[in-house]
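This structure is in structure tokens; I'll ask about it shortly.
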Amino acid sequence: MTTELAPRPIEGEYRIVRPLVSKEAALAAWQEYQDLTRAILRATDFQTFREGGREGRFVKKSGWRRLATHYGISLEMADERLGHEHDPRICARVRFPEQMREDRDCGCPVVFARYVVKAIAPNGRGVTAIGLCSTGEKNRRFVRQDHDIATTAYTRAANRAISDMIGAGEISAEEVRATGEFDGISLEERAAIKETWARAPQERRTAATTWLRANGFSGETTSALFSDFARRAGDVQVADLIGQLAGVTADFDPDAILEEAEATA
Ligand SMILES: [Zn+2]
């Protein structure tokens, strides 16, 4: 005589994973996200890239921060890794191996950065995202290398964490070029540079072109020099250049400079 085996009654184990909301509620939430995006994001929160007849418009850092504020999302850095190109002549780890802990900055140039950022919603839900940046990125020239690489990696991680948290799943303006989808700076950044250039006195224009050449951008003519910059610079360098042309040199906020320049362009 055979007895039928009853499934082991383990709570939850064989239950199908089901959505937490109805399709109506999901659609309403998506509609709400789109309405909110339209209502709170300004023109300066987007960047448009154009290349070979293709065009893409992406939300940039300031836009993701604005959305995070309205959703009550806070950000937390979960991990930071900086990769250095060790130079034995200046490296504190090579010279003073006893005193240097593994996580201390040894003074060598940063060539790679990886950040893990966690977005936390008011209901306690958390989403982590990774952001990377390195000197190996195709067609990129970094100016203040240590700062630029770390900042870019952190921005990418933070944007991604917010985007994933609110379910937008969108790629951010700061990530677009790393994917290879578009080369070069955005149309808004080009317009902002043009506008600031037009208003800058001759001595600042000269100082800015000297600065560009000193930082590895090249071109016989000014226009060739700016073409090279437009192809290889990133958002941090754009803010640097605009700051130079506008005569802002010490301790400035790149986002504020860019927003101001774009608003008047
Ligand atoms: Zn070192």
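Distance check, please: which entries in K118/K138; K60/K138; K61/K138 exceed 24 angstrom between their Cα atoms? Don't skip to the answer; put the middle values down first.
Values: K118/K138 28 Å; K60/K138 21 Å; K61/K138 22 Å.
Pairs exceeding the cut-off: K118/K138.
Would you calculate, for the chain, the mean residue ellipticity at 222 nm contributed by helices, counting each DSSP H stretch of 4 or more residues as -39,500 (n - 2.57) and dividing by all residues, to the nearest 500?
Calculated at 222 nm, the ellipticity per residue is -14000 deg cm²/dmol.
Taking Rh as the Kirkwood radius computed over C-alpha pairs, what is the Stokes-Einstein D of the chain at 20 °C in a medium of viscosity 1.002 mPa s, expressed in µm² per second?
It diffuses with D of about 101 µm²/s by this estimate.
Another question, then. Place the peptides 222-229, 44-51 in order of packing, highest mean first, counting for every residue the other Cβ atoms within 10 Å and averaging per peptide.
44-51, 222-229
Something else: Please compute the modelled spin-label separation between E51 and D79, points set 7 Å along Cα→Cβ, answer in nm with one decimal.
3.0
Given the Cα-Cα distance of W30 and R42 and 0.36 nm per residue of separation, how much length would full extension add, in nm?
Contour length minus Cα-Cα distance gives 2.4 nm.
How large is the charge dipole for the chain, taken about the Cα centre, if only the Cβ atoms of Lys, Arg (+1) and Asp, Glu (-1) carry charge, to the nearest 20 debye?
280
If the viscosity is 1.567 mPa s and the temperature 4 °C, what Stokes-Einstein diffusion coefficient in µm²/s follows for the stretch 44-179 when Rh is the Kirkwood radius over Cα pairs?
Using the Kirkwood radius from Cα pairs, D works out to 79 µm²/s.
Relative contact order for the stretch 44-179: what percent, with Cα pairs under 8 Å and sequence separation of 6 or more?
25
Bear in mind that the values in this text are calculations on the coordinates, not laboratory data. All values derive from a computational prediction rather than experimental measurement. With ideal geometry, Cβ positions are generated from the backbone for all residues, glycine too; neighbour counts draw on all protein chains shown.
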